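Everything below concerns the one structure shown next.
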Amino acid sequence: MRGHFITFEGGEGSGKSTHAAALAQRLKSLDLEVVLTREPGGSTGAEIIRHILLSGIAKPLGAETEAILFAAARDDHVRSTILPALDAGHWVICDRFIDSTRVYQGILGNVDQRLIRSLERVTVGPAVPELTFILDVPAQVGLARAKSRRGQDAADRFEAESMEFHEKLRQAYRALAGEEPARCVLIDGRAPRDVVAEKIWSTVRERLHPDTAGIAEATGT
Ligand code: Z5A
């Protein structure tokens, strides 16, 4: 694996897609090869499974089955999209990844941690994120943003959960950030967009040095 792998996590409407795209754009402006992707999805097979999961038709089968479906999608995504890009030396930016399964299915869905970890071991392999941004906003703020963005469209399977669910989700992400400080950086997503983007960019520069990556690639060092 010669590339870099960065993931974005957080509750609904916390700004993951916005900031994943902004970071990808910034890296591209340095002439770096960037793959911007998302979960569930990011490959042909995984996008089919995304449709099943977000439509809610798998919900009656239970959280364990949903966890297995998310894992099946991840397996295809990692093999088809993420690992080939990392092996080619590209930067991979992913909107949601393993922490979403840990939090949504593991903590909120009460799926046995041993199953969650086993699925992770089988699907992720060497594609472990080097850096994970956890965007933190109160549930009410995130849901209001998500609602205003979707307009008249119906809420999806997870957005339709209760306020209590979304607040628990926030607490679970905050706890996760505390447990893995070497990988996870908690960012206050309530701040104005440009402030959040600058914080993310300064962390990426400090930890992964993108400014010199293009030069190193060009000179083969
Ligand atoms: N899920 C799971 O259960 N298990 C798993 O393993 C995985 C996923 C991988 C995927 O939904 C669902 O799958 C997800 C968890 C579950 N639950 N849901 N729902 P998705 O991909 O369709 O949606 P999402 O991941 O929750 O993302 P989102 O709702 O699209 O939100 P976001 O990406 O975090 O936010 P955004 O689109 O960047 O921003 C939302 C709006 O706020 C938008 O209009 C922005 O312009 C605005 N925004 C962004 N930043 C700011 C700031 N700083 N100030 C003001 N406004 C802002």
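Quick check on the chain: of the DSSP beta bridges with both residues there, what percent are antiparallel, nearest 5%?
Percent antiparallel among DSSP bridges in the chain is about 0.
What distance in nm separates the simple spin-label points at A175 and E130, each placed 7 Å from Cα in the Cβ direction?
Result: 3.0 nm between the two label points.
Could you state the angle between the C-alpha long axis of helix 210-219 and the longest principal axis of the C-alpha atoms of the chain, as a value from 0 to 90 degrees rounded to the nearest 10?
50
Could you name the lysines whose alpha carbon sits less than 17 Å from that of K199, not counting residues in the same chain fewer than 8 places away?
List returned: K16.
Considering every Cα-Cα pair within the stretch 40-168, what fraction, in whole percent, is farther apart than 17 Å?
62
Counting each DSSP H run of 4 or more residues in the chain as -39500 (n - 2.57), what helix-only mean residue ellipticity at 222 nm follows after dividing by all residues, to the nearest 500 deg cm²/dmol?
-16000 deg cm²/dmol
To the nearest whole percent, what portion of all C-alpha pairs in the chain is separated by more than 22 angstrom?
For the chain, the fraction of Cα-Cα distances above 22 Å is 50 percent.
Going by the alpha-carbon gyration tensor, a ≥ b ≥ c the square roots of its eigenvalues, is the stretch 1-47 rounded (a/c under 1.5) or, if a/c is not under 1.5, prolate (a/b greater than b/c) versus oblate? Spell out each step's value before the answer.
Working: a/c = 2.02, a/b = 1.21, b/c = 1.66.
Judged from the Cα gyration tensor, the stretch 1-47 comes out oblate (a/c at least 1.5, b/c at or above a/b).
Considering only protein heavy atoms and a probe of 1.4 Å, how much of the accessible area of the chain is carbon and sulfur, as a whole percent?
54
So, R0 is 25 Å and r is the distance between the beta-carbons of L54 and R117; what FRET efficiency does that work out to, to 0.05?
With a Förster radius of 25 Å, E is 0.55.
Express in nm, to one decimal, how much length is gained between E47 and A21 on full extension, taking 0.36 nm for each residue of separation and deducting their alpha carbon distance.
7.5 nm
How far is helix 16-28 tilted, in degrees, relative to the longest principal axis of the Cα atoms in the chain, given as a value from 0 to 90 rounded to the nearest 10?
10
Give, in nm to one decimal, the length gained when the segment between R207 and K147 is fully stretched (0.36 nm per residue of separation minus the Cα-Cα distance).
Numbers: separation 60, 0.36 × 60 = 21.60 nm, distance 3.43 nm.
Contour length minus Cα-Cα distance gives 18.2 nm.
Using the heavy atoms of the protein chains and a 1.4 angstrom probe, tell me the accessible area per residue for the chain in square angstrom. Walk me through the numbers before you get to the answer.
Values: 10770 Å² over 221 residues.
Here the residues of the chain average 49 Å² of exposed surface.
For helix 44-55, what angle does its Cα long axis make with the longest principal axis of the chain, in degrees from 0 to 90 and rounded to 10?
For helix 44-55, the angle is close to 30 degrees.
The values are calculated or read from the model by the stated rules, or taken from the named source; none is laboratory data. Treat the numbers as computed from the prediction; the structure is a model and nothing was measured. All Cβ positions, glycine included, derive from the backbone under ideal geometry; neighbour counts span all protein chains shown. All accessible areas refer to the heavy atoms of the entire protein, side chains included, with ligands and DNA or RNA removed. Shrake-Rupley method; radii C 1.70, N 1.55, O 1.52, S 1.80 Å.
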